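Presented below is the structure to which this report refers.
Here, each number is a calculation from the coordinates, and none is a lab measurement. The structure displayed is predicted, hence computed values, not measured ones. When we count neighbours, we look across all protein chains shown, and the Cβ atoms used for this are built from the backbone with ideal geometry, even at glycine.
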Amino acid sequence: SVLLKLTPLGEEKREISKQSVIQFNKVISEHLTKEKIDNFIEVTRTITKLVNEKSIFI
């Protein structure tokens, strides 16, 4: 395994990204039930699987 050390700027950018993801997840969870989120994940996984297996769009 390789250990990477971030620069101070990299650490700052990582924290900004982390907070953005946390805020995004909060807003989504306020507007969608867990069931709807789970259904969305299932649908996107199925579409991805079909595209990969059947070479759709190629």
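Of note:
- Gained length - LYS18 relative to VAL43, 0.36 nm times residue gap less alpha-carbon distance: 6.4 nm
- Taking other C-beta atoms within 10 Å as the exposure proxy, LEU9, LEU4, LEU32 rank LEU4, LEU9, LEU32 from fewest upward.
- Within the shell defined by Cβ-Cβ distances under 12 Å, the residues around ILE28 carry a net charge of +2, with Lys and Arg each +1 and Asp and Glu each -1.
- Efficiency of FRET between ASN25 and ILE56 - r from beta-carbon atoms, R0 25 angstrom, step 0.05: 0.25
- From the coordinates of this entry, Rg and Dmax of the Cα atoms in Å is computed, and it appears in (1) 24.1, 78; (2) 13.9, 42; (3) 17.6, 45 under the label (3).
- Using θ = phi - 60° in the Karplus curve 6.51 cos²θ - 1.76 cosθ + 1.60, the 3J(HN,Hα) couplings for region 30-37 round to 6, 10, 10, 6, 4, 4, 5, 5 Hz; x is entered for Gly and Pro.
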